[in-house]
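Scroll down for the structure; my scribbles are underneath it.
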Amino acid sequence: MSKMPSRPRVADFQLDSFLSTKTSHVNQALDAWLPSEKAKPATLHRAMRYSLFAGGKRMRPALCLAAAEACGGGEKDAMPLACAVECIHTYSLIHDDLPCMDDDDFRRGKPTNHKVFGEGIAVLAGDALLTQAFELAVRCRGWSRYPHSQIVLEIARASGSLQLIAGQVADLEGEGQPLSLAELRYIHERKTSALLCCSVRLGGMSANCSPAQLKALTGFGFKVGLAFQIIDDILDVTQTSEQLGKTAGKDTAARKATYPSIVGLEKSRALAKSLTRQAYASLKPFGSRAGVLLALAQFLLERQK
Ligand code: GRG
């Protein structure tokens, strides 16, 4: 196996400051754009905000904003889309944690939504966040290559029955089954990669990027998304619940096929590295403008939670 290419040129402290600045701006925008906790029905809005502000890593918004900058765009134009993908991600986590799905009590270091608000409100908070995402998305100004209809289609497709939900269905139906690597890849591509890829693409669209740039970003987002889920599978068996902020060892307990269970830990790590290398290669057309995206891909590969 060849060595990883040298570390991307953006220094760690710069990535740290990029992430903390963007997280804070995303949090401010979400706070301003979501109904307040006091808006009726207050329980629902409290539940939506409980999960949205529970301390997620904000990786999808960061990828969206970094892609916008790589294409010469700005934070202001990309922000409604960055917030939209975080709402969809949070909805998917709330629903995934329900007893009828993955049945988890612990997420983002806190009791899961249904543990605090009950199952009915948790389902509705997820529904409302999904709907909220489309309301946020139409706040964007629309671009000549990517009018509102294109943006809405992008989000609907990534979160719909052929992608995010298809992945979740295959995941549910695959529990306890001996899956092949190709079947597992089908799940990971849809359950995780589709929304990460969509986040990066939306960032590019908010900068009215060229078709060639969009193609490069798609390759990058897709590979990073797959690597992200393989790392997630690895962390599930190597980290503690305290480190992850969610229940560790869930995949093994639920007899779920994962990359480590099929190919082992070492090969899983090698595959994640190889996908990250392929993601770097996709960004070649961006030259030095790809710095932050490259650093984010490396950060996602090396993350411990
Ligand atoms: C429609 C009832 C119904 C349910 C749909 C679509 C769905 C439920 C669930 C999506 C599947 C899912 C949870 C995929 C996992 C993706 C993943 C690795 C999530 C963790 O992402 P992080 O680490 O989380 O970015 P934080 O908490 O940091 O944001």
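The values are calculated or read from the model by the stated rules, or taken from the named source; none is laboratory data. Keep in mind that this is a model prediction, so the values were computed, not measured. Cβ atoms come from the backbone with ideal geometry, glycine included; neighbour counts cover every protein chain shown.
Structural remarks
- Test: residue in the stretch 200-209 that is within 30 Å of GLY264 (Cα to Cα) and at pLDDT 95 or above: yes
- Some residue of the stretch 265-274 being closer than 18 Å to ALA68 by Cα, crowded, with 21+ Cβ neighbours inside 10 Å and at pLDDT 95 or above: no
- Top-ranked residue in the stretch 25-44 [being without any contact (Cβ under 8 Å) to a residue 60 or more places away in the chain and in a helix (DSSP H, G or I); ranked as nearest to ALA84 (Cα to Cα)]: LEU30
- THR247 being farther than 22 Å from VAL85 by Cβ, in contact with a Phe, Trp or Tyr (Cβ under 9 Å, 6 or more places away or on another chain) and of a type in the set (S, T, N, Q): yes
- Residue match in the stretch 239-258 (condition: within 20 Å of the chain's Cα centre (by Cα) and closer than 26 Å to LEU217 by Cα): no
- Scanning the stretch 92-127 for residues that are of a type in the set (A, V, I, L, M), surrounded by fewer than 21 Cβ atoms within 10 Å (Cβ to Cβ), more than 9 Å from the ligand (Cβ to nearest atom) and closer than 20 Å to GLN168 by Cβ yields a count of 1.
Every residue, every condition in (1) away from the ligand (no atom under 13 Å from the Cβ); (2) within 19 Å of the chain's Cα centre (by Cα); (3) assigned to a strand (DSSP E or B), yes or no:
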{"position": "LEU129", "(1), (2), (3)": "no, yes, no"}
{"position": "ARG139", "(1), (2), (3)": "yes, no, no"}
{"position": "TYR146", "(1), (2), (3)": "yes, no, no"}
{"position": "ALA156", "(1), (2), (3)": "yes, yes, no"}
{"position": "ASP171", "(1), (2), (3)": "no, yes, no"}
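- On inspection, ALA32 does not qualify as within 16 Å of the ligand (Cβ to nearest atom) and surrounded by fewer than 20 Cβ atoms within 10 Å (Cβ to Cβ).
- Here ALA182 meets each of (1) hydrophobic (A, V, I, L, M, F, W, C); (2) crowded, with 18+ Cβ neighbours inside 10 Å; (3) assigned to a helix (DSSP H, G or I) with one exception, condition (2).
- The listed residues are THR192, THR218, and the only one of them that is more than 14 Å from the ligand (Cβ to nearest atom) and part of a helix (DSSP H, G or I) turns out to be THR218.
- Residues of the stretch 60-105 classified as in contact with a Ser or Thr (Cβ under 7 Å, 6 or more places away or on another chain), within 18 Å of THR21 (Cα to Cα) and not in a helix (DSSP H, G or I), total: 1
- Restricting the first member to the stretch 57-82 and to residues that are at positive phi, and the second to residues that are away from the ligand (no atom under 15 Å from the Cβ) and part of a loop (DSSP other than H, G, I, E, B), the beta-carbon pairs closer than 6 Å and six or more apart or on different chains are GLY72/ALA207.
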